[in-house]
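The values are calculated or read from the model by the stated rules, or taken from the named source; none is laboratory data. It should be emphasised that the depicted structure is a prediction, and the values quoted were computed from it without experimental measurement. Here the Cβ is made from the backbone with ideal geometry for all residues, glycine too, and neighbour counts use every protein chain on show.
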Amino acid sequence: MSLAHPKFSYEKGLHQIGNGAYAWLQPDGGWGWSNSGLIVDSDQSLVVDTLFDVPLTQTMLAAYADAEPAANTVNNVINTHHNGDHCNGNCCCPDAEIIAHKLTAEHMQAEPPSLVQGFLDAAPGLGELGNYLTSCFGPFDFKSVDQRLPDRLIEEETTIKLGDKDIHLIPVGPAHTPGDTLVHVPADRTSIRAIFYSLAAIQSFGKGRCKTGLTHAIALSLWMSRRLFPVMAPSPPKPALKKCVIIW
């Protein structure tokens with residue numbers, strides 16, 4: 001059974017959401033195959049999350065630019081969290097201001113792309129573990145990445161302008177990671193979030209700030225937006241989200 005909304009297909013490539021908002025999807029959504037978002041207003045553009053390596057990010061950015069001339073020069077990049085499949089491609093946007101939570105930046109610095117490349121280099125001598133690492137991360141070109149850290153750090157809810165659009169950056173961590181940040185675009189009735197948590201995940205992590213963060217993220221996605229766009233997996237139907245919110 002698919003958890004994706006029946007109105008939208010989970011197919012690779014560019015998907016127009018409407019009113020200057022786009023999604024870039026990478027099925028099957030497994031290790032490293034994350035999604036991204038583009039928001040455009042007038043002659044300005046903002047990318048929510050880059051991809052795991054330079055070739056993947058360049059392909060995505062070319063598709064964005066073909067769809068919207070404003071995306072030829074990206075003004076802002078938002079990193080929703082520190083995992084490399086959401087920020088390794090930052091170096092492909094040299095003119096953009098990179099914005100992320102302070103904790104996201106700290107963890108990016110502690111977990112550079114060279115760390116994963118080191119695991120891959122060691123994989124041949126690690127037996128079954130090495131085979132697993134290669135199956136997960138072998139398709140990606142980490143040597144292509146020149147890590148670019150965020151230019152601007154946030155620690156609380158922040159609103160930035162993109163043309164005439166307000167872009168709300170809402171920290172909801174610790175949840176999937178310490179610095180998880182939700183991106184909400186009221187003009188587009190769109191929320192872009194890092195991950196959807198299943199009931200099992202909520203039961204595992206539902207303590208302290210994490211519980212608050214999960215409830216915050218799910219509730220915002222439910223009540224603020226008509227369009228729920230995750231950068232890590234297809235969206236479940238709204239009844240499933242409501243079931244999760246009721247738990248709390």
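Miscellaneous remarks
- Matching residues, the range 106-145, being acidic (Asp, Glu) and closer than 19 Å to His86 by Cα: Glu106, Glu111, Asp141
- Here Phe196 does not qualify as closer than 21 Å to Asn79 by Cα, surrounded by 14 or more Cβ atoms within 10 Å (Cβ to Cβ) and modelled with pLDDT of 90 or more.
- If you filter the range 149-167 down to residues that are over 11 Å from Thr104 (Cα atoms) and touching a helix residue (DSSP H, G or I) at 6+ places or on another chain (Cβ under 7 Å), you find that the one that is surrounded by the fewest Cβ atoms within 10 Å (Cβ to Cβ) is Asp166.
Yes/no matrix, rows are residues, columns are (1) modelled with pLDDT under 95; (2) surrounded by 15 or more Cβ atoms within 10 Å (Cβ to Cβ); (3) not hydroxyl-bearing (Ser, Thr, Tyr):
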position: Leu120; (1), (2), (3): no, yes, yes
position: Pro124; (1), (2), (3): no, no, yes
position: Phe140; (1), (2), (3): no, yes, yes
position: Ser144; (1), (2), (3): no, yes, no
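- Scanning the range 6-41 for residues that are small (Gly, Ala, Ser), surrounded by 19 or more Cβ atoms within 10 Å (Cβ to Cβ) and either over 15 Å from the mean Cα position of the chain (by Cα) or closer than 19 Å to His184 by Cα (or both) turns up Gly20, Ala21, Ala23, Ser34, Ser36, Gly37.
- Test for Gly29: is it closer than 23 Å to Pro139 by Cβ and assigned to a helix (DSSP H, G or I): no
- Residue within the range 50-59 that is farther than 21 Å from Lys12 by Cα, at pLDDT 95 or above and not aromatic (Phe, Trp, Tyr) present: no
- Taken over the range 70-129, residues that are farther than 17 Å from Val54 by Cα and more than 20 Å from the chain's Cα centre (by Cα) amount to 13.
- Checked against the criterion of being farther than 28 Å from Ser135 by Cβ and of a type outside the set (A, V, I, L, M), the range 76-88 contains one or more residues that satisfy it.
- Restricting Ala96, Ala110, Ala105 to those that are aliphatic (A, V, I, L, M) and either touching a helix residue (DSSP H, G or I) at 6+ places or on another chain (Cβ under 9 Å) or modelled with pLDDT under 95 (or both) reduces the list to Ala96.
- Exactly one residue out of Pro178, Pro186, Pro150 is more than 19 Å from Gly29 (Cβ to Cβ), modelled with pLDDT under 95 and under 17 Å from the mean Cα position of the chain (by Cα): that is Pro178.
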